[in-house]
Amino acid sequence: MTAAMTMTAAQGRLAKRRRKDSIFAVAGAVAVALTLLWILFLFTTLTVRAIPAMTTTELRLEIRLDPERIPANNPRRGDWRNLLAESLNTLLPETATREEQKLARNLPSKGTIHLLRNTVAENPGLIGTTRTFWIPVADPLDQYRKGLLAPAENTDGAGVTILSPEQAALFDTLRAQNKIRTRPSWRFFRNPDSRFPALAGIAGAAVGSTMAILVCFLVAFPVGVAAAVWFEEFAPRGKRTDLFRINVYNLAAVPSIIFGLLGLSVFLNLFGMVRGSPLVGGLVLALMTLPIIVVVSSAAIGAVPREIRDAALALGASRQEAMRHHTLPYALPGILTGAIIGLARAFGETAPLLLIGMNAFLATTPASFTAPATALPAQIFLWADQPERGFVSRTSAAILALLVLLFAINLAAILMRYHFENKRRRGR
Amino acid sequence: MTGLTAATALAAALLTLTAPAAWSQEPVHIVGSSTVFPFTQAVAEEYASVSGGGAPVVESTGTGGGMKLFCGGVGSATPDIVGASREIKESEIALCEQNQVGSLTEVLIGYDGLSIAQSRSGAALSLTVEQIYLALAAEVPADGDFVENPHERWSDIDPALPDSEITVFGPPPTSGTRDAFVELAMEAGCSAFAEVLALKAARRDVVCARMRGDGHFVEAGENDNLIVQRLVADESALGIFGFSFLQENQDALRGVSIGGVAPSFASVRDRSYPLVRPLFFYIKNSHRGVVDGLEDFVFEYVDEAAIGDDGYLAERGLVPLSEEERGRVREAALEATPLR
């Protein structure tokens, strides 16, 4: 009886433990599912919002490039405003009233003049000819065409006048005449920033970010690895080294904005370097990444089996040779992975860049490391604040571009790790 | 620590290697007020397109932050122009003098008005700045002392005002519009009270600037379109906007008269409407002729195509100056007339 009782008690306990096991497994699965769902949600909303930024709505317009309005010696200084207004009037019947002409004037994006200027300045031979252009329409019409904005009368509920029914009606008429088209556009990837959504792109910010990251890598990687090698291989053991090490490790936990302040006071105020340049941005990001690279590299070098080092030393290699020929190649996959993840973090960093001025509005792509530039995350920050509707989709698209780049960097880290590990195995 | 010093040493080395060439090669650099930013941004893009050369660098730092950078000295590391949503302060002029910045030229580009708006379907309202202060401050004077704002309805402040609940939608503290509102309406209103004037300066700033947090003043975020919808839904509610926004929504909204003056282009321009602030930029004259394109940029900024009645800055919401004033401003800007 006692034995039977013990049996049942044991079986009961066993069932309870198994139940706990399965609850634990389910909880884990739920956690993973939630994470995936969240990522899926993030990507779907971003993609759905970003799609409109990939196309542009254009208006077909015959423009007579009147030599009287465009000085041949300096086409950029021409009277483009009136030239465009006259061409737009040709879209209307001759009997059009001033009100209707005003509607026509508001059809194209105000940035059209910039496009025309550039086109003609690059081909002065066009002056005097009549050309057919496909010009981007104003942002509210672009949003209307994409179904993101409905025309609203002034007197109705919302009272927002960004698109009047008359404007929309004129647009619909032109569309019926096949004078409107919607095309995929590479402007988002090819253009620098602009205050006109139809012309704004991430090229300037992407170049700025890339240059800053290049500087960051060139500074932080060699210095970081050298510091780690010294800590692991050459530093005298003792309290002083430990103090150094703890300090560097602590630096890895310092909020990035502090490095921005440091950059502001040292690079800008003390050295007088150019505010907002990728060189300064890269150096600030390097200060931020450096401790991470030191920590990761130390761990990677520390994980190299002692025997490898000892064998090299026993065969007569100097400490420096043992390190260069054996320890470092063995630790390289770990070092690279850590460095790339550190760089990826720097790539997405905004706070320190705001302090050193890498968040300026710039209508051109930066030409050199010492010219002011904007970084991609700062560009997102700038666009999120713009009132025009077209920037909503551009902001989402820029976020997506940043995420894709970060994924690519992380993927590169993983691939590189596999590559080096395979090489080492084959070499053995 | 070694890493850090090594990096600094390396940075110093890099600096000497890549030391910027003659600073005339650098683009025009503009900092300053976030209110002036959209206008400067427009001029910068226009200038870059017309000249076909390098685009100016436009940074939004706020007026105070911009002045600190601007008055930091002369040379390529300092900005050439600072945008300001108020006149330069004495302390800032002193800072400029201390750093030997030299003469400055002040350019008034136009006005930015603030409007308090209500739905067109409600009865027209007229307020004074004192009433605005009594309705929206966290603390108000009562019997020689300060108490938490007891006013629930407009009629609690003045029986002549409508018997409806006080609900005002306004911008959050991060917004420049909020700063302007506090300065132009709240501070003007509170300094009419003897009890406030008797306070110490620090305490006075708190009493005048702190908005009530009990639901009668609602921070509605930066999205003005959302405030419009709420005003239309509740005809007794008021909203605080930039002037240009009221202009765009004249059909749904009506501006509340302040001190008997309704907001309009005319009353903003002649400044009889009290909630108006001028927008400026200041040019560092020692950089003129040295920084490539600075002169042309200033020319573009004060050109009729920009600050004129039909200019592209008016399209972005600037209230232009009168034609006569524009002529004077243009002359002063182009001839580098020094401040004072």
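Structure summary
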{"quantity": "Nearest-0.05 FRET efficiency for B:SER272 and A:ASP172, computed from C-beta distance (R0 45 Å)", "calculated": "0.55"}
{"quantity": "Nitroxide proxy distance, nm - points 7 Å out along Cα→Cβ at A:THR119 and A:ILE257", "calculated": "4.7 nm"}
{"quantity": "Magnitude of the charge dipole, the range B:185-340, Cβ model with Lys/Arg +1 and Asp/Glu -1, debye to 20", "calculated": "960 debye"}
{"quantity": "Charged-residue dipole, Cβ positions (Lys, Arg, Asp, Glu), the protein assembly as shown about Cα centre, Debye nearest 20", "calculated": "5040 debye"}
{"quantity": "Check: chain A dipole with +1 on Lys, Arg Cβ and -1 on Asp, Glu Cβ, in debye", "calculated": "1760 debye"}
{"quantity": "Residue (of B:GLY170, B:PRO263, B:SER119) at the positive-pole extreme of the range B:113-275, dipole from beta-carbon charges", "calculated": "B:PRO263"}
{"quantity": "Rounded tilt (10° steps) of B:37-51 against the dominant C-alpha axis of chain B", "calculated": "40 degrees"}
{"quantity": "Cα→Cβ-extended label distance, 7 Å offset, between A:THR241 and A:ALA384, nm", "calculated": "4.5 nm"}
{"quantity": "Dipole of chain B, positive direction: furthest Cα of B:ILE81, B:VAL319, B:ALA192, with charges on the beta-carbon", "calculated": "B:ILE81"}
{"quantity": "Shielding by partners, peptide A:362-374 (average Cβ within 10 angstrom, other chains)", "calculated": "5"}
{"quantity": "Residue with peak Gaussian network fluctuation, chain A [Cα springs, cutoff 10 Å], from A:GLN177, A:GLN379, A:GLN167", "calculated": "A:GLN177"}
{"quantity": "Rounded to whole Hz, the Karplus (6.51, -1.76, 1.60) HN-Hα couplings of the range B:78-90, x for glycine and proline", "calculated": "10, x, 8, 9, 10, x, 9, 9, 7, 5, 5, 7, 4"}
{"quantity": "Derived scalar couplings ³J(HN,Hα) [the range B:183-188; Karplus, 6.51 cos²θ - 1.76 cosθ + 1.60; whole Hz; x for Gly, Pro]", "calculated": "5, 7, 9, 5, 5, 5"}
{"quantity": "Highest-MSF residue in chain A out of A:ALA33, A:ALA408, A:ALA317 [GNM, Cα springs under 10 Å]", "calculated": "A:ALA33"}
{"quantity": "Distance in nm between pseudo-label sites at A:GLN101 and A:PHE43 (7 Å out along the Cβ direction from Cα)", "calculated": "5.4 nm"}
{"quantity": "Sites A:ALA4 and A:VAL32 - FRET efficiency at Förster radius 45 Å, r taken between beta-carbons, to 0.05", "calculated": "0.60"}
{"quantity": "For peptides B:111-120, B:280-289, A:59-68, B:322-331, sequence by mean Cβ density within 10 Å, most packed first", "calculated": "B:111-120, B:280-289, A:59-68, B:322-331"}
{"quantity": "Residue mean of other protein chain beta carbons inside 10 Å, B:56-64", "calculated": "5"}
{"quantity": "Candidates A:GLY357, A:GLY272, A:GLY302: whichever shows maximal mean-square fluctuation once chain A is modelled as a Gaussian network with Cα springs under 10 Å", "calculated": "A:GLY272"}
{"quantity": "Shielding of A:220-227 by partner chains, average beta-carbon count, 10 Å", "calculated": "3"}
{"quantity": "Acute angle (nearest 10 degrees) that the helix B:2-17 long axis makes with the longest principal axis of chain B, alpha-carbon atoms", "calculated": "60 degrees"}
{"quantity": "0 to 90° range, to nearest 10: angle between helix B:323-334 axis and chain B longest Cα axis", "calculated": "30 degrees"}
{"quantity": "Modelled FRET efficiency - R0 56 Å, A:ARG64 with B:VAL147, Cβ distances, 0.05 increments", "calculated": "0.20"}
{"quantity": "Close Lys-Lys pairs in the protein assembly as shown, where close means Cα under 17 Å and separation is 8 or more or interchain", "calculated": "5"}
{"quantity": "Backbone HN-Hα couplings from phi across the range A:118-135 [Karplus 6.51/-1.76/1.60, Hz, Gly and Pro as x]", "calculated": "5, 4, 6, 5, 7, 10, x, x, 6, 4, x, 9, 10, 10, 9, 10, 9, 10"}
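Here, each number is a calculation from the coordinates, and none is a lab measurement. Please read all numbers here as calculations on a predicted model, not as lab measurements. For neighbour counting, all protein chains shown are included, and Cβ atoms are generated from backbone atoms with ideal geometry for every residue, glycine included.
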